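What follows is calculated from the coordinates using simple rules that are stated; it is not laboratory data. Predicted model, so just to flag it, every value in this text is computed and none were measured. Cβ atoms come from the backbone with ideal geometry, glycine included; neighbour counts cover every protein chain shown.
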Amino acid sequence: MAAMSLHDVVRLRPLQSLQQTKEKGPRFRGRFAFPRLYSYKPPILGLGYGNRSFITGYRDQSTDSGGSVLGVSDIKEKCNKWQWRGQYSINYFVSSSSSNAESKPSLLLVHGFGASIPHWRRNIGTLSQDYSVYALDLLGFGASDKPQGFPYTMEAWAQLILDFLNEVVQKPTVLIGNSVGSLACVIAASESSQNLVRGLVLLNCAGGMNNKAVVDDWRIQLLLPLLWLFDFLLKQRGIATAVFERAKQRDNLRNILLSVYGNKESVDDDLVEIINGPTNDEGALDAFVSIITGPPGPNPVQLMPRINLPVLVLWGDQDPFTPLDGPVGRYFSSLPSQSSNVTLFVLEGVGHCPHDDKPDLVHEKLLPWLAQLGAL
């Protein structure tokens, strides 16, 4: 699920497994429950993050600035297939309603864990008014192949993105990613040239493919033995099946989504189905286990210094999985004061998936930034 921590998605009951108390510190509750790191409200609201970053409020609107939310079925009907490496079918979508789009960079939308192309339903209509908008389902998600035995890694997804740009888009492109999709875009951008990637937009970037990445956070250090044990248990087919079947139940998914969205009205039946539908595909269980138990992949803290492209960072301040005071959040919060190519906006009252949580607020910051990139 784009909106969730990789280990949080497998909890067997609604999360309240790690709570912070002033008197006792962290404590565990519930069985087989893997926690979001903690609930966080930044004490620094109202302060700037350097001269290139800001904190902003939200205007309560239910649709994007173009007034349109694409139907999930409409998106699915208009999707295409592309063969990656000659053997894997990758589902993708393209939309443009502007005659001027050819003179501008294309946009590629990359979802997060457990999500797929329709997770951008509140954004495609607005963005395609001025740009050619592409979106894809990463291998293992959505309507893309879920090959059994495939070693899912962040590097593989990044290579998929670069190959898609080379073979399908074939023009300079701005990469826009959420969560692990953001990290895949960071890796791709760090390995590409400006002829291929024109800019980078990160929506609550993940620190790794799974929670084992952020080992310098005391919360993760506390949980590491439990995470390692769970990895071992997940590699037992019977246990993995039971966990997966429970995790993908609609009520469980809805509870998880509600815990990571600031705007609870955005958690509708369509969103639950966007997450739930692909979990019934052949190979979905194998992908789930491989991603959670696999290597976390490259760290964005190590990769960002290599990137000289324009970068826009949008960060929901109510994100329980990559919070502002966690290692990844702190790093990205400090970037504008260190790198002139980075612009940061902290989005007030927004969770882990800003683009779907409060799309108007994202468009308010994204569209002017895109316009500054200029024509090709």
Most to least packed among 312-324, 240-252 [average Cβ atoms within 10 Å]:
312-324, 240-252
Violations at 20 Å Cα threshold for listed pairs Lys78/Lys248; Lys78/Lys104; Lys104/Lys171; Lys264/Lys365 -> Lys78/Lys248; Lys78/Lys104; Lys264/Lys365
If the cut-off is 13 Å between C-alpha atoms, which aspartates and glutamates fall inside it for Lys235, apart from same-chain ones fewer than 8 positions away?
Asp286
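In nm, what is the difference between 0.36 nm times the number of residues separating Glu282 and Gln83 and their Cα-Cα distance? Don't jump to the answer; show the numbers that get you there.
Numbers: separation 199, 0.36 × 199 = 71.64 nm, distance 1.83 nm.
Working it through step by step, the gained length comes to 69.8 nm.
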